[in-house]
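Visitor: To start, I am sharing the structure in question, which I have written as structure tokens.
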Amino acid sequence: MVRLIAFDLEGTLVKSVSSWVELHKRFGTWEKGKEYAELFFSGKIDYVKWAELDSSLWKEHTRDEIIEWANSVEYMDGAEELIEFLKRNDFKVAILSSGLMCLAGRIARELGVDYVFANELVFDENGVVTGKVNPLVDFKSKGAILRELKEELKPELTVAVGDGYNDVSMFRETDVAIAINPHEGVEGDHNVESLREVREIIAGLI
């Protein structure tokens, strides 16, 4: 018996809102970053170009600086307990993040998550940002990634938990979608305010 649950990361399991935005603010590049975001959301550039434009602003910065930020990000209340509960109840756990692997990888390791998908900055041999990105999770691809996991695992139950527009595509692939403190216009089968409520819903399902 296999069950599958997919989580968004930022704003869902951890208190960071966006890796991209927070690094822009940390490195003083947010004004230019906002311009690039507007180009993407107006349809003038695609996601890959947007990611590379963003990371190009950080070329003088290092992996160590970015890991330092990633290590500072705190969990949402109840995150660790929820993952422990899920693992005890035969769930395979996935993180699908359109943020950065420097954060998603840390959380996956600490929580013992089975699958993690996020975007990867490319560093040179000295650990300096090159401006290139391996864009594994674009703004619309969470649904496709989750669909592939379902085909591989053939779970008896699939659940997704997220908060934003880019989580809607994975909501469509699930038996039960849970929106946690959702952005305006985003709805799940259940809308909740805490990870403790997520646990209660899942306990009811199983």
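The values are calculated or read from the model by the stated rules, or taken from the named source; none is laboratory data. Nothing here was measured: the structure is a model prediction, and the numbers come from that model. Cβ coordinates were reconstructed from backbone atoms using ideal geometry, including for glycine residues, and neighbour counts include every protein chain displayed. With ligands, DNA and RNA removed, areas are computed over all heavy atoms of the protein, side chains included. Shrake-Rupley method; radii C 1.70, N 1.55, O 1.52, S 1.80 Å.
Visitor: Does any residue of the stretch 65-74 turn out to be modelled with pLDDT of 95 or more, within 20 Å of the chain's Cα centre (by Cα) and in a loop (DSSP other than H, G, I, E, B)?
Guide: Looking through the stretch 65-74, at least one residue is modelled with pLDDT of 95 or more, within 20 Å of the chain's Cα centre (by Cα) and in a loop (DSSP other than H, G, I, E, B).
Visitor: Of the residues that sit in the stretch 148-183 and are assigned to a loop (DSSP other than H, G, I, E, B), of a type outside the set (Asp, Glu) and touching a helix residue (DSSP H, G or I) at 6+ places or on another chain (Cβ under 8 Å), which one is nearest to residue 115 (Cα to Cα)?
Guide: 174
Visitor: Hey, can you tell me all the residues within the stretch 82-128 that are farther than 29 Å from residue 203 by Cβ, outside any helix (DSSP H, G or I) and not small (Gly, Ala, Ser)?
Guide: Within the stretch 82-128, 100, 119, 120, 121, 122, 123, 124, 125, 126, 128 meet the criteria.
Visitor: Cβ contacts < 6 Å: first residue closer than 17 Å to residue 138 by Cβ and touching a residue at least 40 places away in the same chain (Cβ under 8 Å), restricted to the stretch 30-47; second residue outside any helix (DSSP H, G or I) and open to solvent by 40 Å² or more (accessible area, probe 1.4 Å), any location; separation 6+ or different chain. Result?
Guide: The qualifying pairs are 47/138; 47/139.
Visitor: Being hydroxyl-bearing (Ser, Thr, Tyr), open to solvent by 20 Å² or more (accessible area, probe 1.4 Å) and in contact (Cβ under 8 Å) with a residue 60 or more places away in the chain is the requirement here; does residue 158 meet it?
Guide: no
Visitor: For residue 196, which of the numbered conditions (1) outside any loop (DSSP other than H, G, I, E, B); (2) of a type outside the set (Ser, Thr, Tyr); (3) within 14 Å of residue 9 (Cα to Cα) fails to hold?
Guide: Unmet for residue 196, out of (1) outside any loop (DSSP other than H, G, I, E, B); (2) of a type outside the set (Ser, Thr, Tyr); (3) within 14 Å of residue 9 (Cα to Cα): (3).
Visitor: Residues to consider are 152, 197, 187, 125; find the one that is surrounded by fewer than 16 Cβ atoms within 10 Å (Cβ to Cβ), free of Cβ contacts under 8 Å to residues at least 24 places away in the same chain and under 18 Å from the mean Cα position of the chain (by Cα).
Guide: Within the list 152, 197, 187, 125, the selection yields 187.
Visitor: Of the residues that sit in the stretch 1-57 and are in a loop (DSSP other than H, G, I, E, B), charged (D, E, K, R) and open to solvent by 50 Å² or more (accessible area, probe 1.4 Å), which one is nearest to residue 181 (Cα to Cα)?
Guide: Ranking the candidates gives 15 first.
Visitor: Considering only residues that are in contact with a helix residue (DSSP H, G or I) (Cβ under 6 Å, 6 or more places away or on another chain) and within 22 Å of residue 143 (Cα to Cα), which ones fall in the stretch 66-91?
Guide: 83
Visitor: Name every residue in the stretch 162-175 that is of a type in the set (A, V, I, L, M) and either over 18 Å from residue 150 (Cα atoms) or open to solvent by less than 20 Å² (accessible area, probe 1.4 Å) (or both), in order of residue number.
Guide: Result: 170, single match.
Visitor: Which number in (1) assigned to a helix (DSSP H, G or I); (2) buried (at least 22 other Cβ atoms within 10 Å of the Cβ); (3) among the aliphatic types (A, V, I, L, M); (4) in contact with a strand residue (DSSP E or B) (Cβ under 6 Å, 6 or more places away or on another chain) marks the one condition that residue 145 misses?
Guide: Going through (1) assigned to a helix (DSSP H, G or I); (2) buried (at least 22 other Cβ atoms within 10 Å of the Cβ); (3) among the aliphatic types (A, V, I, L, M); (4) in contact with a strand residue (DSSP E or B) (Cβ under 6 Å, 6 or more places away or on another chain) one by one, residue 145 breaks only (2).
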